[in-house]
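The next block holds one structure in the form of structure tokens; read it before the comments.
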Amino acid sequence: MTKILEFIDSIFVAAKAWILCLLGHFLPAWIVVLVSITISGVVILCLGPVIMMYLTLLERKLIGRIQNRYGPNRVGIWGLLQPIADGIKMFTKEDIVPANADKVIHLLAPIAIVVPALMIFLVVPFGKGMTTVNLNIGLLYFIAVSSITILPIFMGSWASRNKYSLLGGMRTAAQMISYEIPMTLAVVPAIMMSQSLATNAIVLAQAGGHGLNWFIFTPWGIVGFIIFFLCATAECNRPPFDLPEAESELVAGFHTEYSGMKFALFYMAEYMNAFTLCGIAATLFLGGWQGPFLPSWLWFFGKTFILICVMIWFRGTFPRFRVDHLMAFAWKFLLPLTLINILLTALWQFTSNLAAWCGSILVLGISLWTLVKLNRTFVPEKRHYPLES
Amino acid sequence: MPILEMAAKFGTYAVMAVILIFALGVVTLRNIFHCALCLAAALIGTAVLYVAFRAEYLAAIQILLYVGAVVTLIIFAIMLTEHLAGKTVRQNNSQSPLAIAGLLGFVALLTVVILKTPWPVTQTALKAKVSVMALGEALMGTYVFPFEVISIILIAALIGTVVIAKKDAPEERL
């Protein structure tokens, strides 16, 4: 029984090793190295778009259910072919470029935005031994690469020569920079406890306890996870943080002037970012591929898809933030909370018993209460002007 | 695997050439936003070089700090000026020939220095591999004093910017 489970667990790794072994019999070593790189690359290049296609379907279905309707159900059974129909529609649509646009940059922006989104896939540990590149600075790589995403969005918004695009781009730049800081600091506790920047090592640090020794089951872990997840939602511009493309204010924000496949690329990058950010959140705090009984990759994808469903749930539930509230939330609430969380983690490193539990819950409670009190919006006293004759 | 090594070597030279082209774009293009984008591309190219030379940590920091922060800051600065509309500006003036002469002299000097310096390749230097952990330990151990001083300077700069950017208190009405 355990042997079968182990085999299913490592089925993808074994498949790749088998192909390489087979080729190794009659090809020189350097071609085998190239083939190994190509296999991993092709898998990721296919995985990204396919995941994106079915995420759109999942989102439309779930949002449909939340809003008391069916969602797409005409193309194929349960609407399973809907993403392909959408793809054909996108390909055949007319590509409109504004007359005054900066043609080169207008073309480059949607291409450039897909690159960092795909690059993050390299360090996501999909399962046991299934990290494409086991970088020893994996997490830093993720933070660095995801910080580039601002540039293509701003390129697109600037090159469109449209006031709505530009406003959307400016909002994106401000929002993404603001939320990057609490996101980076929320990651720090996980790095401190696993003493490594490699995503694989962080997963391994959560081993034990029948595969349930996840970081989220500690006080600093749950706070870090909530902060990271909120910042991740803001980083990929999803509701309720979708101010850059607020359709009721800015038409469509930074991609107002894009149509057809170029628009689809922006859309694709957004969904792939949502997937990788959820995957990294699962890796950091939910134990990655650790878990009892089921094969490791199933655990990873299950956790990631649950997080994505929560994101979709957010979209169906919360109204959009106001710009000043958005900034205040990042700078005045999340940032101090992450710093307190880092301090707590350092204390946790030395003592982790019942007293530590109570102590950290107490500290977190007090700091939360203080932050909420300090962040209370100023409401002027209601004035009465009695009518006197 | 000599073929792969050759490919890596040629790739490195190609990246260097691309960096130079983009760097030239930074100082010659007429549109200031294009210049900023060229700068970003040149900086990313430098990060790629670092990766090729097995300094992944430096590459990540390069992208995080220079592309993620400095270029974004430059773009913010452009957004606040009238250049946002895509106005073109001249990048050279009457002092350009003099500057080129000075630059050529500097390049000549550098070449002479580089050619005269012996570059010893020892076994210890080849095997040296600075891990992130060693870097962190050095920062928190040997170099803790400069580290703290830099932190204080950064905090002072932050507070300074807030003080400068703060609105003046409204004058009291007489």
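Can you tell me which residues in the range A:284-294 are free of Cβ contacts under 8 Å to residues at least 24 places away in the same chain and either surrounded by 20 or more Cβ atoms within 10 Å (Cβ to Cβ) or under 18 Å from A:F225 (Cα atoms) (or both)? Listed by number, the list is empty, since nothing qualifies. Only residues in the range A:232-253 that are under 20 Å from A:E180 (Cα atoms) count as the first member; pair them with residues that are outside any loop (DSSP other than H, G, I, E, B) and among the hydroxyl-bearing types (S, T, Y), Cβ under 6 angstrom, at least 6 apart or cross-chain, and list the lot. Matching pairs, first to second residue: A:A234/A:Y179; A:E235/A:Y179; A:F241/A:T233; A:P244/A:T172. Annotation note: of A:T56, A:T131, the sole residue that is of a type in the set (S, T, N, Q) and either at pLDDT 85 or above or assigned to a helix (DSSP H, G or I) (or both) is A:T56.
Of the residues contained in the range B:93-106, none is found to be within 14 Å of chain A (Cβ to nearest Cβ), surrounded by fewer than 15 Cβ atoms within 10 Å (Cβ to Cβ) and of a type in the set (S, T, Y). Does any residue of the range A:80-101 turn out to be over 17 Å from A:A264 (Cα atoms), crowded, with 17+ Cβ neighbours inside 10 Å and more than 26 Å from the chain's Cα centre (by Cα)? The answer is yes, given that some residue of the range A:80-101 is over 17 Å from A:A264 (Cα atoms), crowded, with 17+ Cβ neighbours inside 10 Å and more than 26 Å from the chain's Cα centre (by Cα). Among the residues making up the range A:201-218, those that are crowded, with 22+ Cβ neighbours inside 10 Å and either touching a strand residue (DSSP E or B) at 6+ places or on another chain (Cβ under 9 Å) or in a helix (DSSP H, G or I) (or both) are A:I202, A:V203, A:F215. Among the residues of the range B:51-72, some residue qualifies, meaning at least one is without any contact (Cβ under 8 Å) to a residue 60 or more places away in the chain, away from chain A (no Cβ under 12 Å), exposed (fewer than 14 other Cβ atoms within 10 Å of the Cβ) and outside any helix (DSSP H, G or I).
Does A:H325 count as farther than 30 Å from A:L57 by Cα, free of Cβ contacts under 8 Å to residues at least 60 places away in the same chain, not in a helix (DSSP H, G or I) and not β-branched (V, I, T)?
No: the conditions fail for A:H325.
Just one of the numbered conditions (1) surrounded by 22 or more Cβ atoms within 10 Å (Cβ to Cβ); (2) more than 30 Å from A:L354 (Cβ to Cβ); (3) basic (K, R) is not true of A:K303: (2).
Determine whether A:W297 is modelled with pLDDT under 85, crowded, with 20+ Cβ neighbours inside 10 Å and under 23 Å from the mean Cα position of the chain (by Cα).
Yes: the conditions hold for A:W297.
Scanning the range B:3-50 for residues that are of a type in the set (D, E, K, R) and either assigned to a helix (DSSP H, G or I) or within 27 Å of A:W30 (Cα to Cα) (or both) returns B:E5, B:K9.
So that you can scan it fast, the table gives a plain yes or no per residue for (1) more than 11 Å from chain B (Cβ to nearest Cβ); (2) not charged (D, E, K, R):
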position: A:R161; (1), (2): no, no
position: A:S165; (1), (2): yes, yes
position: A:A174; (1), (2): no, yes
position: A:I177; (1), (2): no, yes
position: A:M193; (1), (2): yes, yes
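The values are calculated or read from the model by the stated rules, or taken from the named source; none is laboratory data. Given the structure is predicted, the values throughout are model-derived calculations rather than measurements. Cβ: placed from backbone, ideal geometry, glycine included. Neighbour counts: every protein chain shown.
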